[in-house]
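Written out below as structure tokens is the structure these notes cover.
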Amino acid sequence: MELATNAVQRTSESNPMSRPVYNPVCAGESAVAPGSRREFLQRFGLGLGSLALADLLRGQSALGAPDQGILSELHHPARAKRVIYLFQSGGPSQLDTFDYKPLLVELNGQQLPDSVRKGQRLTGMTVSQASLPMAGSIFKFAQHGQGGTWLSELLPHTAAVVDDLAVIRSMHTEAINHDPAITFLQTGAQLSGRPSIGAWVHYGLGSDNENLPAFVVLITRGKGDQPLYSRLWGSGFLPSRHQGVQFRAGKEPVLYLDNPPGTTAGSRRQMLDRLRDLHETSRDELHDPELDARIAQYEMAYRMQMSVPEAVDVSGEPQHVLDLYGPDVAKPGTFGANCLLARRLAERGVKFIQLYHQGWDQHGNLPNAIRTQCKETDQPAAGLLRDLKQRGLLDDTLVVWGGEFGRTNYSQGKLTATDYGRDHHPRCFSMWLAGGGIQGGTTHGATCEWGYNIAENPVSVHDLHATMMHLLGVDHERLTYKYQGRRFRLTDVSGEVVRPVLA
């Protein structure tokens, strides 16, 4: 009976906040004790709970749409219907990609002035370093597009679509180490246990496809570097059905989804029906709404047995489309193959698609390592935008690219004419957004001429999340969940929409 549960990846039992509250509420909704709202209605003989459960098992809400979500209507008109988040794990160097600093090239090898550093915190990897020599990028920069956006020579394909991008050069974060920084970008908090942004989107907006998960995760295969944990796409204290489902490369995209040898579709259906009866009995006795989520997960796994193989089968893609994503597209599990799969999932109604690509943690040997990273990601990311655009999907698909923090303007370790490394730098870094509701060909914010501090229009992690939710038609302050006596939201207690990047 655990097979279907594993297929939709239940929240890790090690998560201290994974147990959902018995009375999920959104802003303005009152709690009912001691059971769920469905149990409350059943007790008063209205019978609506049984109807709702029947609809749930069919993947339909009372309004006839698949998994509508907690919001009965959007807070304002949405510009985007879905999100594709290209997360570059490890912290890409903004100084070698998007943030051109000729002063660093001019002063290459000189010590970072104390007046620039201002006593700011360093990591344990460079705090005891005898000197902090500034490292100008060895890569050439040029202006591209109608807006004259500066980009490194490492990103020729991105340069060709730069008029679709809004580059934010003034991102900053509170975390200086990978785990809390990645967790912050994915959940809005540095400590684990909060729902991921994809889970919040599913909770609020539901799904547009009853046969596929609303939240899918794709990870580039074979990349080492910093580890990624399932809690990064977990549901935290939200019901577990909202967590992301990881699709893997190979013959079994979702683990334990296929029937065991000797098991027919009919016998699987019979088993699920009997299991549903047991769960309903337990729910009526325990008043635990998580049992409804468990029933829904088993039913989704059953439907996915047909929908997932079709979604991941790219054999019918024409060659001119495959060429957009670069030579790695034919290798399952690469970033190129995952970008193509992201497009296929987007056009099938998946609401939130999260891609993770590791390898950007370049403390040493940065020039060679970042060449490899950009070769793996530049063409696929640009190809994704081109493909979405030619299909009319870019207008209502928000695409986000970026990592958890930036890199220092000084070299970690020995600086030579051809080699240097860069340490973690949370004070400023770059990201880009494209698609639904974004004003392409723009840049927002700026760093100082030393590339160490923000000079104009700082953008926090909560600001980024608020902007993403806004484009989906959601007021980030109004989508909340009551847990342990407090109404939580993705953006915690802050966050402003970055309106200059909106179309």
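The values are calculated or read from the model by the stated rules, or taken from the named source; none is laboratory data. Values in this document were obtained by computation on a predicted structure and should not be read as measured data. A quick note on method: Cβ atoms are made from the backbone with ideal geometry, for glycine too, and the neighbour counts reach across all protein chains shown.
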Mind checking which residues of segment 225-244 are aliphatic (A, V, I, L, M) and under 12 Å from the mean Cα position of the chain (by Cα)? Leu232
Quick one: which residue in Gly392, Gly436 is within 30 Å of Val321 (Cβ to Cβ), surrounded by fewer than 24 Cβ atoms within 10 Å (Cβ to Cβ), in contact with a strand residue (DSSP E or B) (Cβ under 7 Å, 6 or more places away or on another chain) and of a type outside the set (Phe, Trp, Tyr)? Gly436
Give me the pairs: first residue in segment 366-385 and touching a residue at least 40 places away in the same chain (Cβ under 8 Å), second residue acidic (Asp, Glu) and part of a helix (DSSP H, G or I), beta-carbon distance under 6 Å, and six or more apart or on different chains, which are they? Ile370/Asp96; Leu385/Asp164
What number of residues within segment 146-156 are crowded, with 18+ Cβ neighbours inside 10 Å, outside any strand (DSSP E or B) and without any contact (Cβ under 8 Å) to a residue 60 or more places away in the chain? 0
Working carefully through the options Asp258, Asp292, Asp328, Asp277, find the one that is under 30 Å from Leu185 (Cα atoms) and at pLDDT below 85. Asp292
Which condition number does Thr183 fail, the rest of (1) touching a strand residue (DSSP E or B) at 6+ places or on another chain (Cβ under 9 Å); (2) within 30 Å of Phe247 (Cβ to Cβ); (3) of a type outside the set (A, V, I, L, M, F, W, C) being met? (1)
Could you grab me the full set of residues in segment 108-130 that are surrounded by 12 or more Cβ atoms within 10 Å (Cβ to Cβ) and assigned to a loop (DSSP other than H, G, I, E, B)? Asn108, Gly109, Gln110, Leu112, Pro113, Gln120, Leu122, Thr123, Met125, Thr126, Gln129
All but one of (1) of a type outside the set (Asp, Glu); (2) assigned to a helix (DSSP H, G or I); (3) within 13 Å of the chain's Cα centre (by Cα) hold for Gly204, so report the exception by its number. (3)
Applying the selection to segment 337-365, what residues are assigned to a helix (DSSP H, G or I), more than 17 Å from the chain's Cα centre (by Cα) and surrounded by 23 or more Cβ atoms within 10 Å (Cβ to Cβ)? Ala337
Could you check segment 245-327 for helices (runs of 4 or more DSSP H) lying wholly inside it with 3 or more residues that are under 27 Å from Lys223 (Cα atoms)? 290-312, 319-324
Pairs please, first residue from segment 347-358 and over 13 Å from Leu388 (Cβ atoms), second anywhere and in a loop (DSSP other than H, G, I, E, B) and aliphatic (A, V, I, L, M), Cβ atoms under 8 Å, 6+ apart in sequence or on different chains. Arg348/Leu212; Gly349/Leu212; Val350/Leu212; Val350/Ala214; Lys351/Ala214; Phe352/Ala214; Tyr356/Leu228; Gln358/Leu228
Selected residue (criterion: farthest from Glu73 (Cα to Cα)) from residues of segment 464-490 that are hydroxyl-bearing (Ser, Thr, Tyr) and touching a strand residue (DSSP E or B) at 6+ places or on another chain (Cβ under 9 Å): Thr467
It is to be established whether one or more residues within segment 370-380 are surrounded by 23 or more Cβ atoms within 10 Å (Cβ to Cβ) and in a loop (DSSP other than H, G, I, E, B). no
Name, by its number, the condition in (1) in a strand (DSSP E or B); (2) more than 23 Å from the chain's Cα centre (by Cα); (3) not β-branched (Val, Ile, Thr) that does not hold for Trp401. (2)
Out of the residues in segment 318-336 meeting the condition of being among the aliphatic types (A, V, I, L, M) and touching a residue at least 40 places away in the same chain (Cβ under 8 Å), tell me which one is surrounded by the fewest Cβ atoms within 10 Å (Cβ to Cβ). Val321
Of these, Asp387, Asp396, Asp323, which one is of a type outside the set (A, V, I, L, M, F, W, C), farther than 20 Å from Phe247 by Cα and within 19 Å of the chain's Cα centre (by Cα)? Asp396
Read through the list (1) in contact (Cβ under 8 Å) with a residue 40 or more places away in the chain; (2) in contact with a strand residue (DSSP E or B) (Cβ under 6 Å, 6 or more places away or on another chain); (3) surrounded by fewer than 24 Cβ atoms within 10 Å (Cβ to Cβ); (4) not in a strand (DSSP E or B), then give the number of the only condition that Ala159 fails. (1)
